[in-house]
Amino acid sequence: MNRQALISAFLESIQAYPGKRWVIALSGGLDSIVMLHLAASHLPSCKLHILHVNHHLQESADAWSAFCQKQAESLALPFTQIDVFPENSSEAAARDARYAAFSHFLKAGDVLLLAHHADDQAETVLFRLLRGSGLHGLAGMPSSRMLGGNNIVRPLLSVPRLELETWARAQQLSWIEDPSNQSSLYDRNFLRLKVLPVLKERWPAVVERLSATSQLLRHERQMLDEYLDQELAGLLLGKCALDGDLLASVASHKRKALIRRWVYNLQGDTLNEIQLAQVDQDFFHSAADKNPQFTLKSALLRRYRGNLHLCSLATDEECIERLPLYEGRIDLKGGVLTVESCQAGSDRLKVLDKVVCVKRLEGMSCRPVGRGRKTLKKLFQEASIPPWQRQNWPVCMVDDEIVALPGICICEGWNATSSDTPGFSLSWEPF
Ligand SMILES: Nc1ncnc2c1ncn2[C@@H]1O[C@H](COP(=O)(O)OP(=O)(O)OP(=O)(O)O)[C@@H](O)[C@H]1O
C-alpha cells in the first residue's frame, strides 16, 4: 500500500459518514496518531475534535494525556480530556469506562473515529477463532457501527500496522509506546508478539488474509441477518414479543439465531452462545407454569402464555399520572401511544381535547363496544397482556368515564360509526 492508497482508504471510509463533527479518539499510540495527522491534513479543521480518555491505570497516564494535548495544540485543534476511574485494572474494565466516556461526550451528528487497523482485526479474528466463536465473532470488528445514536467509524481497518508505521516515520511523527503492549501475559498480546510473527514468516500476507476473511464473513452475516429479519416478521406479536409456539416449532439452532437477532434489533445487545443456550433451555424446555426470566444489560426476557417478551427493566416505574391526549405518537416511559382521531370535519381534534390518559387503578371497569361491562383486569387477561405490562398500560378517560384502553378496546359511544360521532383509534406498543 503506497502513501496515496493509505490516504484514499482513510478518506473513502470517512466520506461515507459526513458528521457535524469528526471526533478523533486519540490514545497517543501509533495508530491514533496517524489517524489524527491524516485527518488534520485532509479534512476541514473546523469539523475536527480530539477526544482523549485518561484511565488513570498506569503511572504514565498523565504524561500520555499531556502528550495528546500537546498534539492538539500543535495542530490548533480543539481537545477534550475525559478522566475515568475503571472498576478494576483489567482491559475490559478500561474499555467499558472508555466507551461510557465516548457515549457521554458525543453530541447528535458527531461521528467517532477509532484507529483500529488490519493487524488489530487479524488478532481479533485469531483470538475469537481460538475461543470457538461462530460467524458473528469471526466477522471481526465492523468498519462502522452505532454507539447510541452516533456512528463509530474505523477508517484504518484495512491498513496493516506496518504501513501506518512506515507512514508515521516518513512524516517524522512521534507517538507513545504502551509498555503493557509488550507483555505476552495478555492473550491478545501473546497472539501479536508470539503467534502472528511466526505466521507472517510463512505467509507474509497473513494479516491481509485474515482481515479479508473477516470481511467476507461480514457479508455472509449481513445476508443471514436479512433472512432472519424476514423470518422474524412472521413471528412478531407487536414489536417486543415473539410467538412462542412458532419459535418452539423450529430447530434449536434456528431459534437461537432468531432470538439473538430480535434482541439485537431491539436492544443492540448481542447474546453469546452460552447466554443463548441458557435462554433456549429456560424458555423452551421448562414446565409451562414456570416464569423464566433472563436479564440483559437494560432489558429483561420473560415468558407469558408461552410467548417470549422483551421488556424494559424500568417497567415497575409509574409512568403516567394524567396526560392530555393529542394526535400522533406519544413516547411514554412504558411504551409508545399512537393516537388517530377518526372524527371528520372541523371538530375533529376537539374530541381529543377532552380525553386524558391516566394510570390504571384497581377495580376499574368499562363498557367495550358490544361486550357489556368488564373489569380492566378481565380485558387484559382476554387480550393476553402479560401482568407486568398492565401496570403502565394507559387508560383513556373523559371525566369519570373510561373511553378506551389503547390497543385493546374502544368503549360504547366513542367508536366513530358516522361522521358526527366522536371517535378515535389508539394503539399502545409497550416496552
Ligand atoms: N485512552 C484513549 N483515549 C481515546 N481513544 C482511545 C483510547 N484508547 C483507545 N482509543 C481508541 O481506540 C482505538 C483502539 O485502541 P486499542 O487497540 O487500545 O483498543 P482495544 O481495546 O484493542 O479495542 P477496543 O477499543 O475496541 O476495545 C485507538 O486507536 C483509539 O482510536
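The values are calculated or read from the model by the stated rules, or taken from the named source; none is laboratory data. None of these values were measured; they are calculated from a predicted model. We place every Cβ from the backbone using ideal geometry, glycine too, and count neighbours over all the protein chains shown. Ligands, DNA and RNA are excluded from the accessible area calculation, which covers all protein heavy atoms including side chains. Shrake-Rupley method; radii C 1.70, N 1.55, O 1.52, S 1.80 Å.
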Exercise for review: Evaluate the following for Gln69: is it modelled with pLDDT under 95 and open to solvent by 30 Å² or more (accessible area, probe 1.4 Å)?
Suggested key: no
Check your understanding: Failed condition for Gly28, given (1) at negative phi; (2) near the ligand (Cβ under 8 Å from one of its atoms), with all others met?
Key -> (1)
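Which residues, counting only those in the stretch 163-191, are within 29 Å of Gln4 (Cβ to Cβ) and open to solvent by less than 70 Å² (accessible area, probe 1.4 Å)?
Glu163, Leu164, Glu165, Trp167, Ala168, Leu173, Ser174, Trp175, Ile176
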Check your understanding: Within the bounds of the stretch 215-235, is there any residue that is of a type outside the set (Lys, Arg) and touching a Cys at 6+ places or on another chain (Cβ under 8 Å)?
Key -> no
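This table checks each residue for (1) within 15 Å of the ligand (Cβ to nearest atom); (2) assigned by TED's automatic domain parsing to the domain that holds Glu165; (3) over 22 Å from Leu164 (Cα atoms); (4) open to solvent by 10 Å² or more (accessible area, probe 1.4 Å).
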residue	(1), (2), (3), (4)
Phe10	yes, yes, no, no
Leu36	yes, yes, no, no
Lys47	no, yes, yes, yes
Asn54	yes, yes, yes, no
Leu57	yes, yes, yes, yes
Ser60	yes, yes, yes, yes
Check your understanding: Scanning for something within 12 Å of the ligand (Cβ to nearest atom), surrounded by fewer than 18 Cβ atoms within 10 Å (Cβ to Cβ) and outside any helix (DSSP H, G or I), does the stretch 86-95 turn up at least one residue?
Key -> yes
Point to revise | Number of positions in the stretch 19-52 that are farther than 29 Å from Asn181 by Cβ, assigned to a loop (DSSP other than H, G, I, E, B) and touching a residue at least 60 places away in the same chain (Cβ under 8 Å) | key: 2
Exercise for review: Determine if the stretch 128-144 includes at least one residue that is within 21 Å of the chain's Cα centre (by Cα) and at positive phi.
Suggested key: yes
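From the list Leu75, Leu113, which one is buried (at least 16 other Cβ atoms within 10 Å of the Cβ) and more than 15 Å from the ligand (Cβ to nearest atom)?
Working: Leu113 fails: more than 15 Å from the ligand (Cβ to nearest atom).
Just a single option satisfies the conditions, and that option is Leu75.
Going by the conditions given, is Lys290 within 25 Å of the chain's Cα centre (by Cα) and basic (Lys, Arg)?
On the way: within 25 Å of the chain's Cα centre (by Cα): no; basic (Lys, Arg): yes.
When the stated conditions are applied, Lys290 does not pass them.
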